[in-house]
1. Around ARG47, what is the net charge, scoring Lys/Arg as +1 and Asp/Glu as -1 over all other residues with Cβ under 14 Å from its Cβ?
2. Would you grab the residues whose amide H sits under 5 Å from the one on PHE101? Only those 5+ places off in sequence or on another chain, please, with H modelled 1.01 Å from N.
3. Grab the other residues whose beta carbon is less than 14 angstrom from that of LEU75, score K and R as +1, D and E as -1, and report the net.
4. When the chain is fully extended, how far beyond the present Cα-Cα distance does VAL91 get from ASN70, taking 0.36 nm per residue of separation?
Amino acid sequence: LRAQAAAREQRLEQQQEQLHGLEMERRRLHNLVQELKGNIRVFCRVRPVLPEEEERQKGLEHLHFPPHDNTALVLSRPEESHVGRERRGDVRYDFSFDRVFPPAATQQEIFEEIALLVQVRDPRKPS
């Protein structure tokens, strides 16, 4: 019985060493991927309009989310002359991000997108 316990203890120790080695390899590969992509990611999340804002700003008419490009956001506003009497059209501002989340995006969608970028360490385990 002692021999079996000692064998299991040794096997457990080997598996913990193997797990540690694999975790270190995962971190190395994760860091390599981040380095290759660029270490900084810029995400844009546009929150839904609150009811009290709805009355003041008439929704999000000034924001446009291109349907086939989840990295772009277009802001437009009417351009008025300096005299203030005539309208000249819309002024467009095109923004580009690593990912844009429109107001209808769920927490789940956002989490799935950033889950691989966030590393969580269990404080109970040594690193």
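Throughout, read-outs are computed from the coordinates displayed, never taken from laboratory work. Worth saying up front: this structure is predicted, and the values here are computed from it rather than measured. As a convention, Cβ positions derive from the backbone with ideal geometry for all residues, glycine included, and neighbour counts pool all protein chains shown.
1. Numbers: positive: ARG45; negative: GLU52, GLU53, GLU54, GLU109.
Around ARG47, the charge tally is -3.
2. Placed amide hydrogens put CYS44, ARG45, VAL46 under 5 Å from PHE101.
3. Values: positive: ARG77, ARG92; negative: GLU61, GLU79, ASP90, ASP94.
Result for the neighbourhood of LEU75: -2.
4. Working: separation 21, 0.36 × 21 = 7.56 nm, distance 2.14 nm.
In short, 5.4 nm is gained.
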